[in-house]
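Trainee: I have a structure here, written as structure tokens, and I will follow up with some questions on it.
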Amino acid sequence: MARIAVLPGDGVGPEIIREALKVLRQVAALFGLPLQFQEGIVGGIAIDHCGTPLPPETGRLCRAADAILFGAVGGPQWDSLPVDRRPERGLLALRKELGLYANLRPVKLFAPLVDTSPLKREIIEGVDLLVLRELTGGLYFGEPKGIGPAPDGKGERGVDTLSYTTDEIERIARIGFKIAAQRRKRLTSVDKVNVLASSQLWRRVVTETAKEFPGVELDHMLVDNCSMQLIRDPRRFDVVLTENTFGDILSDEAAMLVGSIGMLASASMGDGPGLYEPIHGSAPDIAGQDTVNPLATILSAAMLLRYSLHHEPAAAAIETAVDRVLEAGYRTLDIRQPGHTVLIGTAQMGDLVVEHIVRGC
Ligand code: NAD
């Protein structure tokens, strides 16, 4: 029996998780997979109930699980809280506690969405890259961090620290080279070597680690150039290796290559259970309206089956069903093409994916 910890979180979290669970239950029945789901609270809802974004029971639930399915956290009602008590801290604490240092964000265009992206068809057709983001270092965790008096006595000063050690860089680089070796054998390491000391170490360690993987071609790119090349010539990329903050920003940009942020799934891996979540946030502007696109979360569930439960046929069945639903012209609001497609809501999108999984088996 595989134990899945389910953390819907805030905003659209419960809506997208509901659809991903529908899909997981269907593939579990079809493929004879014994899955057990246990729900926990995290983020703003946990602050409201327990005064902390990651209650100890949720931490225990996740540590005992084989995998974690995560919705999203945050919302305007918690925005005025200090940074260390905000809903997002629940997710950061979970990543740190479970040692989830490798974040895989595949950016693959589903062919039926080629005209949904704001970019031209000839630029994005065939886009298939993977952003590998380091997830437990850099600005999000570095110390010192905080707001204190300014040294000149005038007002305050906010401080964040961007720090990386050799070990932290080496372990994420190795994962990057291993993934690239199974794909098109090209790894682009992103840094800001012309300005940042942490980037100088990053580039040196990645270059050194490359010697263990002679079959993979390595190139280095400054983050500002990378943000431009992603739009100019996205097909040149295979695996894009980045530190934490650069990866966060570049993957949102890359979402536009495939039509919508509502299409991008992710897997966070470390030494314990993997965590699977859409790359988008809690989208409070559309919460509770049955308009949010659940496909990023459904595709995250497929990654859970592939990477944590090692069940490739079940993962592939979900991805094929998503492709067929899009091919049939069904769209949520974010990926709609007026005149050419049928506009549907969140729950109906989940139902259609389930229906196509059944048809495909
Ligand atoms: P967001 O990703 O929630 O939303 C950005 C825009 O994209 C919004 O207009 C939203 O409606 C739209 N959008 C996002 N997902 C969509 C989907 N599946 N279908 C259709 N449209 C979608 O980012 P934001 O607005 O900057 O942040 C909202 C809250 O989420 C904040 O509190 C932020 O801190 C939090 N956040 C959480 C996570 C996480 O839980 N992993 C990640 C990013 C942001």
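Trainee: Compute the accessible area per residue over the chain, keeping the other protein chains in place, probe 1.4 Å, unit Å². Spell out each step's value before the answer.
Mentor: Details: 15370 Å² over 361 residues.
I get 43 Å² per residue for this part.
Trainee: Can you compute the helix-only [θ] at 222 nm over the chain? Use -39500 (n - 2.57) per DSSP H run of at least 4 residues, normalise by all residues, nearest 500 deg cm²/dmol.
Mentor: Details: 12 runs with 140 residues, N = 361.
For the chain, the value works out to -12000 deg cm²/dmol.
Trainee: I've got another one for you. What is the sum of charges, Lys and Arg at +1 and Asp and Glu at -1, for the other residues whose Cβ falls under 13 Å from the Cβ of ARG3? Mind showing how you got there, number by number?
Mentor: Values: positive: ARG60, ARG63; negative: GLU39, ASP66.
Once all neighbours under 13 Å are counted, the net charge is 0.
Trainee: Taking 8 Å as the Cα distance limit and 6 or more residues as the minimum spacing, I'd like the relative contact order of the stretch 1-86 as a percentage.
Mentor: On the way: 138 pairs, mean separation 38.8, N = 86.
This gives 45 percent for the stretch 1-86.
Trainee: Give the ranking of HIS220, HIS356 by solvent-accessible surface, highest area first, calculated with a 1.4 Å probe. All intermediate terms of the calculation are to be shown ahead of the outcome.
Mentor: Values: HIS220 60, HIS356 20 Å².
In descending accessible area the options line up as HIS220, HIS356.
Trainee: Between GLU39 and residues 5 or more places away or on another chain, which pairs have amide H atoms under 5 Å apart, with H built 1.01 Å from N, and which residues are they?
Mentor: So GLU39 has HN proximity to VAL6.
Trainee: Once you sort the root eigenvalues of the Cα gyration tensor of the stretch 117-258 as a ≥ b ≥ c, which label holds: rounded (a/c under 1.5), prolate (a/b larger than b/c) or oblate (the other case)?
Mentor: Details: a/c = 2.64, a/b = 1.45, b/c = 1.81.
Verdict is oblate for the stretch 117-258.
Trainee: List, in order, the whole-Hz ³J(HN,Hα) value for each residue of the stretch 192-202 obtained from phi through the Karplus relation with A = 6.51, B = -1.76, C = 1.60 and θ = phi - 60°; use x for Gly and Pro.
Mentor: Each residue of the stretch 192-202 in turn: 9, 5, 6, 10, 9, 5, 4, 6, 5, 5, 3 Hz.
Trainee: Can you tell me how the stretch 67-194 classifies by the Cα gyration tensor, rounded, prolate or oblate, using a/c under 1.5 as the rounded cut?
Mentor: Details: a/c = 1.91, a/b = 1.58, b/c = 1.21.
Judged from the Cα gyration tensor, the stretch 67-194 comes out prolate (a/c at least 1.5, a/b above b/c).
Trainee: Now for a separate question. What whole-number distance in Å separates the alpha-carbon centres of the stretch 283-323 and the stretch 33-74?
Mentor: 18
Trainee: Residues with beta-carbon under 10 Å from that of ASP128, excluding ASP128: net charge, scoring Lys, Arg +1 and Asp, Glu -1?
Mentor: Working: positive: LYS108, ARG183, ARG184, ARG235; negative: ASP238.
Result for the local shell: +3.
Trainee: Further question: Quick one: order LYS192, LYS154 from most to least accessible surface, probe 1.4 Å.
Mentor: On the way: LYS192 45, LYS154 155 Å².
Descending accessible area places them as LYS154, LYS192.
Trainee: So if each residue of separation counts as 0.36 nm, and I subtract the Cα-Cα distance between ASP84 and ILE123, what length gain in nm does that give? Write out the running numbers ahead of the final one.
Mentor: Working: separation 39, 0.36 × 39 = 14.04 nm, distance 4.12 nm.
Between ASP84 and ILE123, full extension yields an extra 9.9 nm.
Trainee: Another question, then. Going by accessible area, probe 1.4 Å, with all protein chains left in place, what is the ranking of LEU33, LEU24, LEU343, largest first? Don't jump to the answer; show the numbers that get you there.
Mentor: Numbers: LEU33 30, LEU24 0, LEU343 90 Å².
Ranked list, largest accessible area first: LEU343, LEU33, LEU24.
Trainee: A further question follows. Accessible area of the chain with a 1.4 Å probe: how many percent of it is carbon plus sulfur?
Mentor: On the way: 8110 of 15370 Å².
Of the solvent-accessible surface of the chain, carbon and sulfur hold 53 percent.
Trainee: Through the Karplus equation 6.51 cos²θ - 1.76 cosθ + 1.60, θ set to phi - 60°, convert the phi angles of the stretch 14-25 into ³J(HN,Hα) values in whole Hz; use x for Gly and Pro.
Mentor: The phi angles translate into x, 5, 6, 5, 4, 6, 5, 5, 3, 5, 4, 4 Hz.
Trainee: Setting aside same-chain residues fewer than 8 positions from LYS192, which aspartates and glutamates have a Cα under 16 Å from its Cα?
Mentor: Correct list for LYS192: GLU134, ASP219, ASP224, GLU243, ASP248.
Trainee: Any idea how far apart ILE231 and GLN77 come out in nm if each label point goes 7 Å out from Cα toward Cβ?
Mentor: Here the modelled spin labels are 3.7 nm apart.
Trainee: Could I ask something else about it? Take GLN289, project a point 7 Å from its Cα along the Cβ direction, then tell me which residues of the stretch 1-28 have their backbone nitrogen under 14 Å from it.
Mentor: It comes to 12, nothing else.
Trainee: Measuring from label point to label point, each 7 Å out along Cα→Cβ, what is the ARG63 to ARG359 span in nm?
Mentor: Simple spin-label model gives 4.6 nm for this pair.
Trainee: If you don't mind, there's one more thing I want to ask. Any idea which of ILE169, ASN194, ALA180 is furthest toward the positive side of the dipole for the stretch 47-203, if Lys and Arg beta-carbons carry +1 and Asp and Glu beta-carbons -1?
Mentor: Sorting the options by dipole projection puts first ALA180.
Trainee: Could you give the length gained on full extension between ARG183 and GLU97, defined as 0.36 nm per residue of separation minus the Cα-Cα distance, in nm? It would help to have the intermediate numbers written out before the result.
Mentor: On the way: separation 86, 0.36 × 86 = 30.96 nm, distance 3.02 nm.
That works out to 27.9 nm of additional length.
Trainee: For a quick check of understanding: with a 1.4 angstrom probe and all protein chains in place, what accessible area in square angstrom does ASP285 have, to the nearest ten?
Mentor: Accessible surface of ASP285 is approximately 120 Å².
Trainee: At ARG204 and VAL342, where each label point lies 7 Å from the Cα along Cα→Cβ, what is the point-to-point distance in nanometres?
Mentor: Label-label distance for ARG204 and VAL342, simple model: 6.0 nm.
Trainee: For the stretch 117-258, what proportion of DSSP beta bridges, expressed in % and rounded to the nearest 5, is antiparallel?
Mentor: On the way: 5 of 18 bridges.
Antiparallel bridges make up about 30 percent of those DSSP assigns within the stretch 117-258.
Trainee: Compute the FRET efficiency between ALA328 and GLN36 as 1/(1 + (r/R0)^6), taking r as their Cβ-Cβ distance and R0 = 25 Å, and round to the nearest 0.05.
Mentor: Details: r = 33 Å, r/R0 = 1.31.
Plugging the Cβ-Cβ distance into 1/(1 + (r/R0)^6) gives 0.15.
Trainee: Within a Cβ distance under 15 Å of LEU295, other residues only, what is the Lys/Arg minus Asp/Glu net charge? Let's see the in-between values first.
Mentor: Details: positive: ARG18, LYS22, ARG105, LYS108, ARG324, ARG331, ARG336; negative: GLU15, GLU19, GLU277, ASP290, GLU319, ASP323, GLU327, ASP334, ASP351, GLU355.
Once all neighbours under 15 Å are counted, the net charge is -3.
Trainee: 5 Å is the cut-off here: which amide hydrogens, built 1.01 Å from N in the peptide plane, fall below it relative to SER282, excluding neighbours closer than 5 in sequence?
Mentor: Here the answer is VAL73, since their amide H atoms fall under 5 Å of that of SER282.
Trainee: Shape of the stretch 209-310 from its Cα gyration tensor (a ≥ b ≥ c, root eigenvalues): rounded if a/c is under 1.5, otherwise prolate when a/b > b/c, or oblate? Please report the intermediate quantities before stating the final value.
Mentor: Working: a/c = 2.31, a/b = 1.34, b/c = 1.73.
In terms of gyration-tensor shape, oblate.
Trainee: Quick one: accessible surface of GLU208, probe radius 1.4 Å, all protein chains present, in square angstrom to the nearest 10.
Mentor: 110
The values are calculated or read from the model by the stated rules, or taken from the named source; none is laboratory data. Just so we're clear, the structure is a prediction, and the values are computed from it rather than from any experiment. Heads up, the Cβs are rebuilt from the backbone with ideal geometry, glycines too, and the neighbour counts pull from every protein chain shown. SASA here: full protein model, heavy atoms, side chains in, ligands and nucleic acids out. Shrake-Rupley method; radii C 1.70, N 1.55, O 1.52, S 1.80 Å.
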